[in-house]
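Asker: Here it is: the structure, laid out below.
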Amino acid sequence: MPHMRKATLLSFVVTLFVALHLPAQTAAQASLEQQVDQIAAQHHGQVSVFAKDLKTGQTIAVKADEPVQTASVIKLAILYEGMEQIRAGKAHWNDPVTLTKENQTSGSGVLGFFDTPATLTLKDVLSMMVMVSDNTATNVAIDKIGLDAVNAEMGRLGLKNTWLYKKIGKPPPGPMPADQKKFGLGKTTARDMATLIERIVTCHLNDDNAPPTEADRAICGVTLHMLRSQFYRDGVPRYLEPVDSSEEGSAIASKTGALDAVRNDVDAIATKNGLLILSIFTWDNKDQSWTDDNEAYLTTAKIAKVIVNTWAPDGLDVKAFELPPAK
């Protein structure tokens, strides 16, 4: 017993010594990583996280490179390729697209209830796809933008674990990779989706680090408005932005995804300390309820809160979404 007490005392002394000699920032980061790990470990299911402070470069990673089901966050990939096609002049916001009965499907959104055929614009369907995660709008957008084009763009960006396999609620269009049955609509990783939303909100549409052009800024302004108008706010925004942001615009740009045992949330958060990127995925969730207090939403919200409170203790500020001057 005395030996055990000595070992415990020695461990305490070593821990105290390390804590006292760590730089304050390093100690805070270590504490944050421990808090995130603890919250993830308490969740009744699997959790992956990738978070990045764009000002300092600090990151948090938990299973960040493990391929997971995307659910509706794969719509970010469709949105990004749409932006690139508009940038290249291959598509335009006001291009007419046709809502057909064949593309109507169940799940989130309202276009599945519309009379068909109906003519909309590309901007209409992308807005519905992002803001209310409209599944039918997504299928219409895929017809316009192209499933293969989306996957080719993800490969060009180096997001090798991000794939869109098919339309929503529809069978695959042809032979599929062996893992399609496991992932369903699409697959990705927390790190891949963090990279993608960072590109969108910082308007990094070129292949270098040059500032965006005026044309780029116009495109990014439209898509940023879509992401800041996100209807589903039960996860990351829950404890961060408890105000009505419908008139002024939210300080959180996000895309969510949900299946019975899946809840995903990919966000860019504008703070007084700059932009933060959060990409949080949960799967194999024991709680498969469709209530606002689903455990995965609460887990996601807790992780977001500790990260944002540590990296940006002064709170949110929509001004952080301002883009750099055009080149």
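Asker: Give the calculated FRET efficiency between ASP317 and GLN42 to the nearest 0.05, with a Förster radius of 35 Å applied to their Cβ-Cβ distance. Please list the in-between numbers first.
Answerer: Details: r = 31 Å, r/R0 = 0.88.
FRET efficiency, ASP317 to GLN42: 0.70.
Asker: Taking 0.36 nm per residue of separation and subtracting the Cα-Cα distance, what length does fully extending LYS55 through ASP148 add?
Answerer: 30.0 nm is the gain from fully extending LYS55 to ASP148.
Asker: Would you kindly compute the Cα radius of gyration of the stretch 204-325 and its largest Cα-Cα separation (Dmax), both in Å?
Answerer: 15.4, 47
Asker: For the stretch 67-188, what Kirkwood radius comes out of the mean inverse Cα-Cα distance, in Å? Display every interim value, and only then the final one.
Answerer: Working: mean 1/r = 0.0692 Å⁻¹.
The Cα-based Kirkwood calculation yields 14.4 Å.
Asker: Also: Output the relative contact order of the stretch 67-188, whole-number percent, from Cα pairs under 8 angstrom with separation of 6+ residues. Mind dumping the intermediate values first?
Answerer: On the way: 178 pairs, mean separation 38.6, N = 122.
The value is 32 percent.
Asker: Next question, about the same structure. Neighbouring Cβ atoms within 10 Å as the yardstick, rank TRP283, TRP163 fewest first.
Answerer: Details: TRP283 18, TRP163 25.
Listed from fewest to most nearby Cβ atoms, that is TRP283, TRP163.
Asker: Find out how many positive minus negative residues lie around VAL318, taking Lys and Arg as positive, Asp and Glu as negative, among other residues whose Cβ is under 13 Å from that of VAL318.
Answerer: Numbers: positive: ARG228, LYS272, LYS319; negative: GLU241, GLU247, GLU248, ASP317, GLU322.
In short, -2.
Asker: How do THR300, THR59 line up, fewest other C-beta atoms within 10 Å first? All intermediate terms of the calculation are to be shown ahead of the outcome.
Answerer: Details: THR300 29, THR59 16.
Going from sparsest to densest Cβ surroundings: THR59, THR300.
Asker: Taking the Cβ of GLU295 as the centre, find all other residues whose Cβ is under 15 Å away and add up their charges (Lys, Arg: +1; Asp, Glu: -1). Please list the in-between numbers first.
Answerer: Working: positive: ARG238, ARG263, LYS286, LYS302; negative: ASP234, ASP260, ASP265, ASP284, ASP287, ASP292, ASP293.
Net local charge, GLU295 excluded: -3.
Asker: What order do you get for MET226, MET129, MET83 when you list them from fewest to most C-beta neighbours inside 10 Å? It would help to have the intermediate numbers written out before the result.
Answerer: Details: MET226 19, MET129 29, MET83 23.
Ordered from fewest to most neighbouring Cβ atoms within 10 Å, MET226, MET129, MET83 come out as MET226, MET83, MET129.
Asker: Loop only by DSSP, 15 or fewer other Cβ within 10 Å of the Cβ. Give me the trypsin sites (Lys or Arg not before Pro) in the stretch 130-173 that pass, ordered by residue number.
Answerer: Details: sites: LYS144, ARG156, LYS160, LYS166, LYS167; in loops: LYS160, LYS166, LYS167.
Passing sites in the stretch 130-173 are LYS160.
Asker: Using only alpha carbon pairs under 8 Å that are at least six residues apart, calculate the relative contact order of the chain and give it in whole percent. Present the calculation step by step, with values, prior to reporting the outcome.
Answerer: Details: 565 pairs, mean separation 73.5, N = 327.
That works out to 22 percent.
Asker: With helices defined as uninterrupted DSSP H runs, which ones in the chain have an alpha carbon span along their own long axis of at least 20 Å and mean Kyte-Doolittle hydropathy of at least 0.0?
Answerer: Values: long enough: 2-21 (29 Å, 1.02); 24-42 (27 Å, -0.33); 214-228 (21 Å, 0.27); 295-311 (24 Å, 0.44).
Sorted by number, the helices that extend far enough and score high enough are 2-21, 214-228, 295-311.
Asker: Continuing with the same structure: Efficiency by 1/(1 + (r/R0)^6): what FRET value for ASP65 and THR119, r their Cβ-Cβ distance, R0 = 51 Å, to the nearest 0.05? Mind showing how you got there, number by number?
Answerer: Details: r = 42 Å, r/R0 = 0.83.
The value I calculate is 0.75.
Asker: With +1 assigned to the C-beta of every Lys and Arg and -1 to the C-beta of every Asp and Glu, and no other charges, what is the dipole magnitude of the stretch 67-188 about the Cα centre in debye, to the nearest 20? Kindly include the intermediate steps, with their values, before the conclusion.
Answerer: Details: 14 positive and 11 negative charges, 78 e Å.
The dipole of the stretch 67-188 has a size of about 380 debye.
Asker: Put +1 on the Cβ of every Lys and Arg and -1 on every Asp and Glu Cβ in the chain; which of THR223, THR26, VAL130 then has its Cα farthest towards the positive end of the dipole?
Answerer: Among THR223, THR26, VAL130, the one farthest towards the positive end of the dipole of the chain is THR26.
Asker: Given a 10 angstrom Cα cut-off, can you work out which residue in SER229, SER245, SER72 is the most mobile in a GNM of the chain?
Answerer: Greatest mean-square fluctuation among the candidates belongs to SER245.
Asker: Name the residue, out of VAL262, VAL68, VAL97, whose mean-square fluctuation peaks in a Gaussian network model built on the chain with Cα pairs under 10 Å.
Answerer: In the Gaussian network model the winner is VAL97.
Asker: Which lysines, if any, have their Cα less than 17 Å from the Cα of LYS167, not counting same-chain residues under 8 positions apart?
Answerer: Partners found: LYS75, LYS101, LYS144, LYS181, LYS182, LYS187.
Asker: So, one more: Straight-line reach from LYS302: which lysines have Cα under 23 Å away, leaving out those fewer than 8 places along the same chain?
Answerer: Candidates past the 8-residue exclusion: LYS52, LYS55, LYS63, LYS255, LYS272, LYS286.
Asker: Springs between alpha-carbon pairs under 10 angstrom, Gaussian network model over the chain: which of PRO211, PRO242, PRO172 fluctuates most?
Answerer: In the Gaussian network model the winner is PRO242.
Values in this text are rule-based calculations from the coordinates and carry no lab data. Quick caveat, the model's predicted, so the values are computed rather than measured. Glycine also receives a Cβ, built like all others from the backbone with ideal geometry; neighbour counts cover every protein chain displayed.
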